[in-house]
Structure formats: C-alpha cells, structure tokens
Amino acid sequence: MAILRLLELPDSNPAAKLVKTIFKRNRKTHRSSIHQALAHPLNACRALPGLPEALDPVKGGLKTDDRITGLIHSSKEEAVIFTLQNITERPANTVISSSDGSHIPGKGVGAAALTLDANSLPLRIRIGEAENHTPYDAKLAGIQLAIANVRNTAPGDTQFFWFITDCQNAIQNITKPLKTQPGMSTCIQIRKSLNKLLTIFPRSKITIIWCLSSSGVQATIITDEAAKTATTLHQILTSAPSTAPIQKTIKANLQAAADQPPPEAAVT
C-alpha cells in the first residue's frame, strides 16, 4: 500500500518526479512493484479492499484535535460495564449514538445508527453488494451515518458526543488519521465530518467508544440487527470500489434510509 500512496503523489510533491524516474528506469529488466501497480491500478486497489484504512496510523495527515478521542478498554467486560453505566447515568448535555455495519455474502452490505433518545429509532442504509465492499467498510459507514444523524438532531447545548462502535481498528484510525490524500480514505472523510461537528458545537468533545454488539447492551443489539436488515433494503449503490467516498452516498440517501420501515425495538 505504500507503493500505491507514492503513485498518488501530486506533481507538486518533490518526491513525485523521483517516483516517475524510478518507474521509467529498468522497467523491462528490473520490473518492480511500482510497475505492477501502474500496469493494473484497479486490480492493485481491489486486491485488498479496505486495507488503506486498516493500516496502522502514521505520523502526519490531518491535524490532531484533543477534543476527538478514542476509548478502547482492555477487555470486553470492562467495555460493557463502562457502556452500561454511562448510558444509564450519562451526564447532562450528552448525546450517545451507537452504530454498526453488516456484511452478508449473497445479500449485501448495510449500516445502521441509533441515537439514544426516548423516541429514537435506528437509521439504516444499504451500501452495496458484498463483493464490492468489506465488513470494515460497513462499520465505517455506520459511524458516518451516526455522525450525520446527531449533527441534524443534537440539541444546541450539547457538550459531549459519544459514538459507540465494535470496530477497534476504526477507532484507532479515526482518532489518529492516516497520512494520505484527502478524499482517498474513508477514515479521513469521517475525521472531517467530526471536525465539522465540532465547528457546529464548538464547546463540545467527541469520544468514540468500543463495545461489542454481542455485549448485551441494548443499543448495540438494536443497531446490529438493524444493520443486518439493511443488507436487504432497496439497492442504493450498485457498484463501486471499497475506497469510494461512503460519506457522499450517505448524504445523498440519508432521507431515503430514514423513510424505510424501522424495527419495532426502540431505546428508552
């Protein structure tokens, strides 16, 4: 994936010229991974879909913000105790949203998000076919859906946003963004969405919390079931590589997803 990042460098980057020089040199006798990537860019990108977001974060990228943090407990039990306690005794001016994604071969890829409120019902969206996306894409789409939902519904005096997900990798990559070109990474898009949320609520803080959907927490159970149901909803995106901007799809179809018949369960 480092090779692919080099190939994406703009001409204004000092290293771009060097990369092109290496490519042109000895392309017949000393064929390198750069040559292979340029010869089959689509195959190279789709060989391991979703991997750019799955890499360990590196220094650089978007500027970090202390108001956006991740919380991953050392065990499932600690995560459950913390989540249950804070849902029950959440501080005032706090908005909690749970999200999940589902990848079912033969059905599709769906995502769901639920904002904990007395009258809240989960939002659901179908991302596309299972062969075009990964389970990781579904998890990221769920987080995007949660952000879009709270941005439109959170009270103006909100001070804390808590996003619950069962994907540790997503938490790590969102809170410490990758050094990559804007628009190429879904995690970068999510980070930008969080920055916009902080612009709307300048006095707020954001925490992304890890809690498994099988933990017994009602909110995570509801979003898990809603995400599975979303895989069979009306097809929204017919075909796209896993690095497609999921945020754009969600914005264009958020209302359509909200109009779908919701599950009967609700959080009280």
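The values are calculated or read from the model by the stated rules, or taken from the named source; none is laboratory data. What you see is a predicted model; the values in this text were computed from it and never measured. With ideal geometry, Cβ positions are generated from the backbone for all residues, glycine too; neighbour counts draw on all protein chains shown.
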Filter the stretch 174-186 for residues that are touching a Pro at 6+ places or on another chain (Cβ under 9 Å) and farther than 12 Å from ILE68 by Cβ; the one that is modelled with the highest pLDDT is THR186
Residue pairs within 8 Å by beta carbon, gap of at least six or interchain, first lying in the stretch 197-225 and more than 20 Å from GLY70 (Cβ to Cβ), second among the basic types (Lys, Arg), listed first then second, are ILE200/ARG151
(request) Could you tell me whether the stretch 85-99 includes any residue that is over 24 Å from SER204 (Cβ atoms) and in contact with a strand residue (DSSP E or B) (Cβ under 9 Å, 6 or more places away or on another chain)? (result) no
If we ask which residues in the stretch 86-115 are surrounded by fewer than 20 Cβ atoms within 10 Å (Cβ to Cβ), at negative phi and either at pLDDT 85 or above or within 22 Å of the chain's Cα centre (by Cα) (or both), their number turns out to be 4
Subset of the stretch 86-131, residues among the basic types (Lys, Arg) and over 20 Å from CYS211 (Cα atoms), comes to LYS107, ARG126
